[in-house]
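Everything on this sheet refers to the single structure shown next.
Only the coordinates and a few stated rules stand behind these numbers; no lab work does. All of these numbers come straight from a predicted model, not from anything done at the bench. Every residue, glycine among them, receives a Cβ derived from its backbone with ideal geometry; neighbour counts consider all protein chains shown.
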Amino acid sequence: MLDPETRTLFLETTHKFVNEVLIPAEAEVSETDQIPADIVKQMQDLGLFGLSIPEEFGGLGLSMSDEVEVAMILGQASPAFRSLAGTNIGIGSQAIIFGGSDAQRAKYLPDMASGVLIGSFALTEPDVGSDAASVKTSARKTEGGYILNGTKRFITNAPEAGLFTVMARTGEPGAKGVSCFLVEAGSTGLSVGPWDKKMGQRGAHTADVILQDSFVPDDALLGGQEGTGFTAAMRTLDKGRLHISAICAGAARRLLDEALRYANERQQFGKPIAEFQLVQAMLAESQTELYAAECMIRDAARRRDAGENAGTLASCCKLYASEMVGRVADRAVQIFGGAGYMAEYPIERFYRDVRLFRLYEGTSEIQKIIIAKSMLRNLDS
Ligand SMILES: Cc1cc2nc3c(=O)[nH]c(=O)nc-3n(C[C@H](O)[C@H](O)[C@H](O)COP(=O)(O)OP(=O)(O)OC[C@H]3O[C@@H](n4cnc5c(N)ncnc54)[C@H](O)[C@@H]3O)c2cc1C
C-alpha cells in the first residue's frame, strides 16, 4: 500500500514513462514484434512487474484502487507493453499469492516482482475455452509427484515464461476435479509451440504449451491441495478483470486524446472538423462512456479493497469497459477518416489491439452470464 505522497509520485513517474518511453517505441514494437530489452529493463526498474505482489516479496503491494490508477495510465500505451508485465501483475502471480504455500510464495514471488521471472497462466485448451471447468489436461499421481499430459492454447507470454500456472485434472469431471500446478520452464516433457500469428498486440506473444508425460514434483501442486485449481483460476480472473477494465479505460483515453487533437487540426469545408456537430457527437459520446467506465472501475476497486466480494462488479466493469473501448476505437477511426484506416497513424493499430479485450479473461457473453447468475442467486436468497 503506498502512502499518498509516494502514490502521487509513482503515478506521475509512470505517466512520464508512458509518454516519453513507451509511446515513442510503439511503432518499432509493432514492426519488430518485440519489446526492446532496454525498455523491459526500465519497466523492471520502475516496479511494473510487481505492482500487485506484496511488499514482503519485493513487490509494491498496491491496493486494487492504486493498481487500477496505474493500469489506466499504462493502458494509454500500446497494450503489448502491459501484456508483458500483465501476467506477473495478474493471472500469473495471483494464484500463488492467495493459494500458494509459504515455500511456493518465497520461491517464486520475489523474482516475479522484479520481472526476472515471467509467469504465465495456462487454463485454455484446444477444446476448453469458455467452459473452463471442463479442463482435459490430466495430472496422474505417481511416486513423488504427478505426470501431466495435455495441450494449453493461446497462452500469453508462454515464449518468455519461466513459470506456468497449469490447470490440470486430478479427479472427477467438473470444477472440483481441477488442480493447479506450478510448472517451471525446462521441466521434462514441457514444450512451447511457435508464436501464434494474431490480429493485433504485436510485441505480446501467445503460444501453445504442450505437456507430454511431463513430471512435476509434489511440491508443484498449488498449496499442496488437489481440487482447488478451478477456484484459484476464478479468483485470479476476478481480480484480473478489474485490471483489464482499467487498461481498456486507458486505451480509450489515448484514442480519445488522439481523436480530439486530430479533429481540432484537420480542416474541411474551411474549418476544423471539430466544429461540426456530428463530429462533436462522436467525441462527446466517447467522453461520456469513458467517464462511466472510469467511475465503475474506481467504485469496484474501492469496494474490493474494503473487503466486499467484487467478482460480479469486476464482470460488469470488464463487460462495459471492453465494449466501450471498442466503440471509442471505432469512432476514432471515423473521426480520422481515411487516415484512421492507415497504419501510419496509431488509431489503426489500437483498433485491432483493443478487440482482444472482449475475448480473453472471459468473453463478453461469459461476463453477462456471470452477472445474470449472480442476480438470480441473490433473488433466491
Ligand atoms: C491473445 C489471447 C491471449 C490469451 N491468453 C490466455 C492465457 O494467458 N491463458 C489462458 O488460459 N487463456 C488465454 N486466452 C484464451 C482466452 O481466454 C479464450 O480464448 C477465451 O476464454 C474464449 O474461449 P474460446 O476462444 O475457446 O472461445 P469459445 O469458448 O469457443 O467461445 C466462442 C464463442 O461462443 C461464445 N460462448 C461460449 N459459451 C457460451 C455460453 N455459455 N453462452 C453464450 N455464448 C457462449 C463465446 O462468448 C464466444 O463468442 C487467450 C486468448 C487470446 C486470443
Here D for the range 140-217, in µm²/s, from Stokes-Einstein with a Kirkwood Rh over Cα pairs at 25 °C and 0.890 mPa s, works out to 185
On a 0 to 90 degree scale, rounded to 10, what angle separates helix 364-380 from the longest Cα axis of the chain? 70
Can you run the Rg to Rh ratio on the range 214-318? Use alpha carbon positions and the Kirkwood inverse-distance Rh. 1.27
Taking the range 231-380 as the region of interest, what is the percent of Cα-Cα pairs per 10 angstrom bin, listed from the shortest bin to the one with the maximum distance? 12, 37, 28, 16, 7, 1, 0
To the nearest 10 degrees, the tilt of helix 277-305 (Cα long axis) against the first principal axis of the alpha carbons of the chain is 30
Using the Karplus equation 6.51 cos²θ - 1.76 cosθ + 1.60 (θ = phi - 60°), what ³J(HN,Hα) coupling, rounded to whole Hz, does each residue of the range 115-122 give in order, writing x for Gly and Pro? x, 5, 10, 9, x, 9, 10, 10
Does the range 186-272 classify as rounded, prolate or oblate by the C-alpha gyration tensor (a ≥ b ≥ c root eigenvalues; a/c under 1.5 gives rounded; else a/b over b/c gives prolate, otherwise oblate)? oblate
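Express in nm, to one decimal, how much length is gained between residue 305 and residue 275 on full extension, taking 0.36 nm for each residue of separation and deducting their alpha carbon distance. Working shown, then result.
Numbers: separation 30, 0.36 × 30 = 10.80 nm, distance 4.30 nm.
Fully extending the segment from residue 305 to residue 275 adds 6.5 nm.
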Students often check this: by mean Cβ neighbours within 10 Å, which of 305-318, 71-84 ranks highest, and how do the rest follow? 71-84, 305-318
Equivalent ellipsoid semi-axes for the range 4-114, as square roots of 5 times the alpha carbon gyration tensor eigenvalues: give them largest first, rounded to whole Å. 24, 17, 11
Give me the percent relative contact order of the range 231-380, please, defined on Cα pairs under 8 angstrom at least 6 residues apart. 30
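Among 237-243, 87-93, 21-27, what's the highest-first ranking by average C-beta atoms within 10 angstrom per residue?
Final packing ranking: 87-93, 237-243, 21-27.
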Take the chain, drop everything but the C-alpha atoms, weight them equally and run the Debye formula without solvent; then report log10 I(q)/I(0) at 0.09, 0.10, 0.11, 0.15 Å⁻¹ to two decimals. -0.51, -0.63, -0.76, -1.37
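Write down Rg/Rh for the range 53-114, rounded to two decimals, with Rg from the C-alpha atoms and Rh from the Kirkwood relation over Cα pairs.
Working: Rg = 12.1 Å, Rh = 12.2 Å.
When Rh is taken as the Kirkwood radius, the ratio is 0.99.
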So if R0 is 25 Å, what FRET efficiency would residue 374 and residue 327 give, r being the distance between their Cβ atoms, rounded to the nearest 0.05? 0.50
From DSSP H assignment alone, runs of 4+ in the chain each adding -39500 (n - 2.57), the sum over residues rounded to the nearest 500 puts [θ] at 222 nm at -16500 deg cm²/dmol
Compute the helix-to-body angle for 64-74: its Cα long axis versus the longest principal axis of the chain, expressed 0 to 90° and rounded to tens. 50
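At a Förster distance of 22 Å, what's the computed FRET efficiency of residue 27 paired with residue 359, Cβ-Cβ distance as r, to 0.05?
Working from the Cβ atoms, E equals 0.35.
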Exposure proxy order (Cβ contacts within 10 Å, fewest to most) of 327, 253: 327, 253
By a straight-distance test (C-alpha under 26 Å), which lysines pair with residue 152 as possible cross-link partners, with residues fewer than eight away in the same chain excluded? 107, 136, 141, 176, 197, 198, 239, 318, 368
How large is the dipole of the chain about the Cα centre if only Lys and Arg carry +1 and Asp and Glu carry -1, each at its Cβ, rounded to the nearest 20 debye? 900
